[in-house]
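Before any comments, here is the structure.
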Amino acid sequence: MNRFSDRKFVIAAIFIFIGVVFLLRLFYIQVLDDDYKLSANNNVLRYVTQYPARGLIYDRDGELLVYNEAAYDLMVTPRQVKDLDTQNFCTTLGITKEVFIKKMKAARNYSPYKESIFEKQLSAETYATLQEKLYSFHGFYVQSRTLRKYPGLIAAHTLGYVGEVSEKYTQENPYYKSGDYIGISGVEKSYEKELRGKKGLSVMMVDVFNRPKGKFNNGEYDTLAVTGQNLVTALSAKLQRYGEQLMQGKTGGIVAIEPSTGEILAAISAPSYNPNLLVGRERSKNYGMLLQTEGLPLFNRALMAYYPPGSTFKLINDLIGQQEGVLTPNTSYYCDGGYHMGRQTVKCDARHNSIQLRAAVQHSCNTYHCYVFRSIVDNKKYKSTEEGYQVWRNHVLTFGIGVRLYSDLPQELKGMVPSVQYYDKYFGKGRWRSSTVVSLSIGQGELGITPLQMANTMCIIANRGYYYTPHIIKKVGKENLHLSKFKEKHYTDIDPKYYDVMIDGMQDVVDIGTAAGSKIKGITFCGKTGTAQNPHGKDHSLFVAFAPRENPKIAIGIMVENGGWGASWAAPIASLMIEKYLNDSIATPARHALEKRMLEGVIIMPKK
């Protein structure tokens, strides 16, 4: 009996111990730990994300380019949807029962317990009607957010647009969840972190009718949303707008840069589109429509289109020739109307006879520049054509051609400068010579350059040998943008002393040469026309320039597809933009007539 009596006390002690453990745990759950309280109250609590307003975007002079407009999303938590009058609900939203079933299925697949967007970006009328009935739609609530608005209707490609984040991206970036918006292109994408701000959270109590009854625990668990930072761009809205007007009815790209800073003053891609088309509930529909529109208005030609630079490239070829010691300002070549390679001839537009460097730039002599290229590549100090060509190519790369400039705009492409390996593969190793690829000297062949790179080469020549990384943003928030890569000078490997004769020749181009029809009274500027062969139709019209000659304020590169001679369209449009930017107006009757012709001119791109 004594033995069983001892066992009784042991069993009693075990039960008492377990009871104490349960009591302590219950005390902790009910008194000390609010997490369990929150979990228990999930059915009467609503967790509402507080979306911050995205930062505003301004031009360099303070003009507002992008602002926010209120919008409303209808959210649903599937597990909480009870006793729903489906017909009344569908009528209120203006949707069919089939659409309702499809959307509810998508919400359940996402999560039965978590909220997700049922209907995004409600109209003001629908929102007002819904508010009166929302108490009867259990499991649904309205969440406010903002949509972007573009009042100026300009710079669509540069400013970019905002869209719904992808499911894959939400998995990789925990800040975002399904239904959030993110910058998709342009400045909106490049400066997403600065523009988006920081989300907040509000924990609300709701009654059995789904009506808010105030903040939970006096807002102890709430966090405030932090508004995104405002951006000041380097864009001149006046210049951008004027350039887009001049490019109406045309296809091509223009970039203008301030040489002393690398700030992008204008970035134009034509045809363009109304940026407000990619905002709101119609964004997907409009995006599909724009994809099918002739001229590909979504394609950013300013940063992504490769064009043969034509005669504008002769400036770089000449600088390399001087650096390599095979060309001086007094070097003469004879032009009898073309450069002859056996039975083939690179034609020249005129018979220039004996001509020297400065005049060769002024008259854009093809023959002269073919000889310069040959003298570089076939220089006897190099063991082979391949070695000479590699030296030439290395010089070209230092001008930011064939490499990315790493501006702060996304989707920037690097252009094309063919490698030795490219030609070895195409022609066969050891089976090509300088004469095989001599068309590169006049900006033809396989060369490809973007309008951004065209403008940047003008910055290099204006600065006599260096450039700053082109960039679109001047200021983030209240501070100046201090990114070291935008303050650093990037030098070519061409000695500064070789630029003067090129600049003299470029001034002659405008004063008495191929662009004489685009002179601006009172402004001395330097430029170079180009005409690029186009296998699909009429040649492309190109022009590069900087102005004024001393202390340049603007450098510009422009390409007008199917525009013919560089002096026909590209040079006049560029000169008008230069005059507008420097003088804020077009001065003379003759220039007004030129402006009228450019504004009204239409160049139809041939159908492919």
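The values are calculated or read from the model by the stated rules, or taken from the named source; none is laboratory data. Fair warning: this is a prediction, and the values are worked out from it, not measured in the lab. Cβ placement follows ideal geometry from the backbone for every residue including glycine, while neighbour counts extend to all protein chains displayed.
Details
- For residue 423, the conditions (1) surrounded by fewer than 19 Cβ atoms within 10 Å (Cβ to Cβ); (2) free of Cβ contacts under 8 Å to residues at least 40 places away in the same chain are fulfilled apart from (1).
- Test: residue in the range 463-475 that is among the β-branched types (Val, Ile, Thr), in a loop (DSSP other than H, G, I, E, B) and either within 22 Å of residue 349 (Cα to Cα) or at pLDDT below 95 (or both): no
- Annotation: of all residues in the range 238-253 being in a helix (DSSP H, G or I) and not basic (Lys, Arg), the one that is surrounded by the most Cβ atoms within 10 Å (Cβ to Cβ) is 243.
- Highlighted here are the strands (runs of 3 or more DSSP E) found entirely within the range 498-581 that include at least 2 residues which are of a type in the set (S, T, N, Q): 526-532.
- With respect to (1) hydroxyl-bearing (Ser, Thr, Tyr); (2) in a loop (DSSP other than H, G, I, E, B); (3) farther than 23 Å from residue 410 by Cβ, the lone exception for residue 261 is condition (3).
- Residue in the range 281-304 that is surrounded by the most Cβ atoms within 10 Å (Cβ to Cβ), counting only those that are in a helix (DSSP H, G or I) and of a type in the set (A, V, I, L, M, F, W, C): 302
- Residue in the range 479-492 that is at pLDDT below 95, farther than 22 Å from residue 363 by Cα and among the hydroxyl-bearing types (Ser, Thr, Tyr) present: yes
- Scanning the range 482-502 for residues that are buried (at least 18 other Cβ atoms within 10 Å of the Cβ) and among the aliphatic types (A, V, I, L, M) returns 494, 501, 502.
- Wholly enclosed helices (runs of 4 or more DSSP H) of the range 133-232 bearing at least 3 residues on the phi > 0 side of the Ramachandran plot, surrounded by fewer than 21 Cβ atoms within 10 Å (Cβ to Cβ) and in contact (Cβ under 8 Å) with a residue 40 or more places away in the chain: none
- The listed residues are 528, 553, 580, and the only one of them that is touching a strand residue (DSSP E or B) at 6+ places or on another chain (Cβ under 6 Å), basic (Lys, Arg) and assigned by TED's automatic domain parsing to the domain that holds residue 465 turns out to be 528.
- Helices (runs of 4 or more DSSP H) wholly inside the range 330-447 that include at least 3 residues being closer than 30 Å to residue 485 by Cβ and touching a helix residue (DSSP H, G or I) at 6+ places or on another chain (Cβ under 9 Å): 385-397
- Residue selected from the range 554-571 under the condition out of contact with any Pro (no Cβ under 8 Å at 6 or more places or on another chain) and surrounded by fewer than 24 Cβ atoms within 10 Å (Cβ to Cβ), by the criterion farthest from residue 527 (Cα to Cα): 564
- Taking the range 62-76 as the range and being among the acidic types (Asp, Glu) and in contact with a helix residue (DSSP H, G or I) (Cβ under 7 Å, 6 or more places away or on another chain) as the test, only 63 passes.
Condition check ((1) closer than 18 Å to residue 187 by Cβ; (2) touching a residue at least 24 places away in the same chain (Cβ under 8 Å); (3) in contact with a Gly (Cβ under 9 Å, 6 or more places away or on another chain); (4) among the aromatic types (Phe, Trp, Tyr)) across all residues:
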| site | (1), (2), (3), (4) |
| --- | --- |
| 438 | no, yes, yes, no |
| 443 | no, yes, yes, no |
| 449 | no, yes, yes, no |
| 463 | no, yes, no, no |
| 471 | yes, yes, yes, no |
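- Test: residue in the range 305-318 that is at pLDDT below 95, β-branched (Val, Ile, Thr), crowded, with 18+ Cβ neighbours inside 10 Å and in the same structural domain as residue 392 (by TED's automatic domain parsing): no
- Here residue 551 clears all of (1) closer than 24 Å to residue 306 by Cβ; (2) of a type in the set (S, T, N, Q); (3) surrounded by fewer than 21 Cβ atoms within 10 Å (Cβ to Cβ) except the condition numbered (1).
- Qualifying residue in the range 528-544 (condition: crowded, with 19+ Cβ neighbours inside 10 Å, charged (D, E, K, R) and over 20 Å from residue 366 (Cα atoms)): no
- Residue satisfying condition, being surrounded by 15 or more Cβ atoms within 10 Å (Cβ to Cβ), farther than 30 Å from residue 274 by Cβ and acidic (Asp, Glu), within set 98, 115, 119: 115
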